[in-house]
Amino acid sequence: MTVRKKPLVVVTRKLPDSIETRMRELFDARLNLEDQPLSQEQLVDAVRTADILVPTVTDELTEAVLNQPDRKLRLIANFGNGVDNIDVTAAHELGITVTNTPKVLTEDTADMTMALILAVPRRLAEGARFITEGKDWAGWSPTWMLGHRIGGKRLGIVGMGRIGQAVARRARAFGLQIHYHNRRPVAPKIEEELGATYWESLDQMLARMDIISVNCPHTPATFHLLSARRLKLIRKDAYVVNTARGEVIDEETLTKLIEAGEIAGAGLDVFEHEPAVSPKLVRLARSGKAVLLPHMGSATIEGRVEMGEKVIINIRTFLDGHKPPDRVLPGML
């Protein structure tokens, strides 16, 4: 009896134990137990030797990495929704299928977005730090540690996809007025449900909002979508929240405007040069003008397991000779 050889699957980062165990059962899975990002040389080696690669946002799969004359790679099963770490066009031209894990992290990311929308105006991190750093708290005072209420304020959502809509639902429950900018308006039924106002002009929306929430993907078209010019349109008493991708905002200009008092503050879960975080942003956080988180928007046990399950489904469907359910094509970006 001929024993069918299992395909070699290279996993670039440590995944939940249950997912790694299932991968070992199904495939010849090469795991990354140290959880250290692979070097470019290691990624090239994976392209040459693996049948399937399971990368994450930290793995830059450029055309130069993928275009190996002796490559074995047939499928990139990305562990993540965003695929800006992958040259999808090059992969498609090379005959390499790309998949992602959509519709898994919507609620988790929207929860974190709402947390930052609350944390920045209400000075939550600043207040918590006062207690944990052992400072002498004299007790309640009617004029101490005052922030701003969010009920009745205008929230401008940049990108009204699944996550943007989930943020809008949460924000509406907190009494925020919902505004949004998108490539095109959402369905009238959704607009009515959310009580949302569509702005075709991003410039006009930014100039009128109390809080800006960035919820669009990073693509070549959205790089520095909130450019220096656009950031200067934002009101002095407004806040910027970003749980999408750091590259969407001109981070240096945002930092300068907050330092100068031209923008009230920011809540950031992502950074333009991640994992590097600007020392200037850190100083702003220490002074209470920013809340900074280490890319935690999707960091729930449930979310990571569901992502892994989608990766496995995509791999198995591909190996069975069918189109994976979460296939990504260049025209979809």
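When region 219-250 is filtered for residues that are in contact with a helix residue (DSSP H, G or I) (Cβ under 9 Å, 6 or more places away or on another chain), assigned to a loop (DSSP other than H, G, I, E, B), open to solvent by less than 40 Å² (accessible area, probe 1.4 Å) and under 27 Å from residue 332 (Cα atoms), the ones remaining, listed by number, are 222, 225, 227, 243, 244, 250.
Condition test on residue 9, is it in contact with a Phe, Trp or Tyr (Cβ under 6 Å, 6 or more places away or on another chain) and modelled with pLDDT of 95 or more? Yes, satisfied. One residue alone among 278, 287 is farther than 24 Å from residue 13 by Cα and modelled with pLDDT of 95 or more, and that residue is 278. Looking only at residues in region 262-275 that are open to solvent by 30 Å² or more (accessible area, probe 1.4 Å) and over 12 Å from the mean Cα position of the chain (by Cα), the one that is modelled with the lowest pLDDT is 275. Remark: pairs (first residue in region 90-106, farther than 17 Å from residue 164 by Cα and at pLDDT 95 or above; second residue in a helix (DSSP H, G or I) and open to solvent by 10 Å² or more (accessible area, probe 1.4 Å); Cβ separation under 7 Å; 6+ apart in sequence or on different chains) = 90/63; 92/330; 97/318; 101/310. Taken residue by residue, region 114-137 has no member that is part of a helix (DSSP H, G or I), in contact with a Leu (Cβ under 6 Å, 6 or more places away or on another chain) and not aromatic (Phe, Trp, Tyr). Hey, could you check region 132-160 for residues that are among the aliphatic types (A, V, I, L, M) and open to solvent by 100 Å² or more (accessible area, probe 1.4 Å) and say which is farthest from residue 265 (Cα to Cα)? Within region 132-160, the match that is farthest from residue 265 (Cα to Cα) is 138. The residues in region 180-206 that are in contact with a helix residue (DSSP H, G or I) (Cβ under 9 Å, 6 or more places away or on another chain), within 22 Å of residue 118 (Cα to Cα) and open to solvent by less than 50 Å² (accessible area, probe 1.4 Å) can be counted, and the count is 6. Within region 15-36, does at least one residue satisfy the condition of being within 25 Å of residue 223 (Cβ to Cβ) and within 24 Å of the chain's Cα centre (by Cα)? Within region 15-36, none of the residues are within 25 Å of residue 223 (Cβ to Cβ) and within 24 Å of the chain's Cα centre (by Cα). Set side by side, the residues 305, 328 differ, and just one is of a type in the set (Val, Ile, Thr) and within 21 Å of residue 245 (Cβ to Cβ), which is 328. Looking across region 100-111, just one residue is surrounded by 24 or more Cβ atoms within 10 Å (Cβ to Cβ), of a type outside the set (Gly, Ala, Ser) and in a helix (DSSP H, G or I), and that is 109. Among the residues making up region 251-274, those that are touching a helix residue (DSSP H, G or I) at 6+ places or on another chain (Cβ under 7 Å) and under 20 Å from residue 154 (Cβ atoms) are 254, 257, 258, 263, 265, 266, 267.
Hey, does region 74-81 have a residue that's under 30 Å from residue 210 (Cβ atoms), touching a helix residue (DSSP H, G or I) at 6+ places or on another chain (Cβ under 7 Å) and open to solvent by 50 Å² or more (accessible area, probe 1.4 Å)? Scanning region 74-81 turns up no residue that is under 30 Å from residue 210 (Cβ atoms), touching a helix residue (DSSP H, G or I) at 6+ places or on another chain (Cβ under 7 Å) and open to solvent by 50 Å² or more (accessible area, probe 1.4 Å). Against the test of being touching a helix residue (DSSP H, G or I) at 6+ places or on another chain (Cβ under 6 Å) and surrounded by 17 or more Cβ atoms within 10 Å (Cβ to Cβ), the options 163, 212 yield a single qualifying residue, 163. Under the condition of being touching a residue at least 12 places away in the same chain (Cβ under 8 Å), hydrophobic (A, V, I, L, M, F, W, C) and over 22 Å from residue 115 (Cβ atoms), the residues counted in region 246-273 number 1. In the set 164, 80, 152, only one residue is closer than 28 Å to residue 301 by Cα, assigned to a loop (DSSP other than H, G, I, E, B) and touching a residue at least 12 places away in the same chain (Cβ under 8 Å); that residue is 80. Contact list please: Cβ distance under 9 Å, first residue in region 181-205 and under 24 Å from residue 225 (Cα atoms), second residue of a type in the set (D, E, K, R) and open to solvent by less than 60 Å² (accessible area, probe 1.4 Å), pairs at least six apart or on different chains. Short answer, once both residue conditions are applied: 185/191; 197/191; 198/191; 202/230; 203/230.
The values are calculated or read from the model by the stated rules, or taken from the named source; none is laboratory data. Because the structure is predicted, anything quoted here is derived from the model rather than measured. As a convention, Cβ positions derive from the backbone with ideal geometry for all residues, glycine included, and neighbour counts pool all protein chains shown. To get the accessible areas, we keep the full protein, side chains included, count just its heavy atoms, and leave off ligands, DNA and RNA. Shrake-Rupley method; radii C 1.70, N 1.55, O 1.52, S 1.80 Å.
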